[in-house]
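Some notes on the structure that comes next.
The values are calculated or read from the model by the stated rules, or taken from the named source; none is laboratory data. In this text, all values refer to a predicted model and were calculated from it rather than measured experimentally. Cβ placement follows ideal geometry from the backbone for every residue including glycine, while neighbour counts extend to all protein chains displayed. These accessible areas exclude ligands, DNA and RNA; they are computed on the full protein's heavy atoms, side chains included. Shrake-Rupley method; radii C 1.70, N 1.55, O 1.52, S 1.80 Å.
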Amino acid sequence: MNAELADAGRVLAAAGLVTAFGHVSARLTADRLLMTPPVPLGTLTPGAPYAEIPLNGAGLPTNAPREAWIHVEIARARPGVHAICRAQPPTATALASAGVPILPLHGQGAFLGPEVPVFDDAVLVRDRARGRALAERLADAPALVMRGNGAVTVGASVGEAVALMWVLEASARMNATAAASGTPTPITPAEQQAWRAVRTELTDRIWSHLRESS
């Protein structure tokens, strides 16, 4: 698991989705997460001091990022989520500030749902209550943009969570271009469903591509 989290950090940094900040976690057991430490993700190695975080603990380990409450509360609310990615995709963040929705304009964009939800609170999520509010806003969606503060994606694996962050930024760029050129028109609900049916297959391929190219 350490090696996979290190790969995630390298991939996110190479894609320009994190700089000095960002974190990724993976579920170890039903009530414990393994999480990247508060260092630039691109510097991670398998031997880095990853943090083990109990989901029912009163506080956070000293080697965990203070925003680990995001991961804790999402994991508590969604037992089926096995990995969480927190990054700063620039175009997605800009669109949230501009009030421009991120809609599925192409097939891969459908992986993110009919519209990516926005958490409308730019304060750092450094307490359980704010983490719980974020998890409630995410609900059962695979991605959420935090106004003025980046984004979160979740998945059945580290690879899927990271691949969805990459898809989120790609979809945001497409929405920005479409909004500047006219009125963005999402692909149809039936088309969206057809793409979501192959999400796991295609996010596996995206993850493989990102690892090989980073």
Check your understanding: If you take the residues in the range 192-214 that are within 12 Å of GLY113 (Cα to Cα) and in contact with a helix residue (DSSP H, G or I) (Cβ under 7 Å, 6 or more places away or on another chain), which one is most open to solvent (accessible area, probe 1.4 Å)?
Key -> TRP195
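Could you tell me whether the range 57-67 includes any residue that is outside any loop (DSSP other than H, G, I, E, B) and open to solvent by 10 Å² or more (accessible area, probe 1.4 Å)? Before you say what the answer is, go through the steps one by one.
Filtering the range 57-67 for residues outside any loop (DSSP other than H, G, I, E, B) gives none.
No, the range 57-67 has no match at all.
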Exercise for review: Go over the candidates GLY107, GLY155, GLY150 one by one and state the one that is more than 26 Å from GLY9 (Cβ to Cβ), in contact (Cβ under 8 Å) with a residue 60 or more places away in the chain and open to solvent by less than 20 Å² (accessible area, probe 1.4 Å).
Suggested key: GLY107
Exercise for review: Only residues that are more than 19 Å from HIS23 (Cα to Cα), more than 13 Å from the chain's Cα centre (by Cα), part of a loop (DSSP other than H, G, I, E, B) and not acidic (Asp, Glu): list them for the range 108-126, please.
Suggested key: GLY113, PRO114
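Scan the range 120-147 for residues that are among the β-branched types (Val, Ile, Thr) and surrounded by fewer than 21 Cβ atoms within 10 Å (Cβ to Cβ) and report the count.
1
Restricting attention to helices (runs of 4 or more DSSP H) lying wholly within the range 127-199, give those where 1 or more residues are under 14 Å from the mean Cα position of the chain (by Cα), closer than 22 Å to PRO90 by Cα and modelled with pLDDT of 95 or more. Can you show your working first?
Details: elements: 128-138, 158-181, 189-196.
Output list reads 128-138, 158-181.
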Check your understanding: Where residues in the range 159-198 are among the hydroxyl-bearing types (Ser, Thr, Tyr) and either without any contact (Cβ under 8 Å) to a residue 60 or more places away in the chain or touching a Cys at 6+ places or on another chain (Cβ under 6 Å) (or both), which of them is farthest from PRO142 (Cα to Cα)?
Key -> SER181
Exercise for review: Please identify the pairs in which a residue from the range 37-61 that is among the polar types (S, T, N, Q) has its Cβ atom under 8 Å from the Cβ atom of a residue that is open to solvent by less than 40 Å² (accessible area, probe 1.4 Å), counting only partners at least 6 apart or on another chain.
Suggested key: THR43/GLY9; THR45/ALA6
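Applying the selection to the range 1-49, what residues are assigned to a loop (DSSP other than H, G, I, E, B) and either open to solvent by less than 40 Å² (accessible area, probe 1.4 Å) or hydroxyl-bearing (Ser, Thr, Tyr) (or both)?
Initially, the range 1-49 is screened for residues assigned to a loop (DSSP other than H, G, I, E, B), giving 1, 15-22, 30-31, 36-40, 44-49.
Residues satisfying the conditions are LEU17, VAL18, THR19, GLY22, THR36, PRO37, LEU44, THR45, ALA48.
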Practice item. Return the total of residues in the range 82-101 being open to solvent by 10 Å² or more (accessible area, probe 1.4 Å) and assigned to a loop (DSSP other than H, G, I, E, B). Key: 5
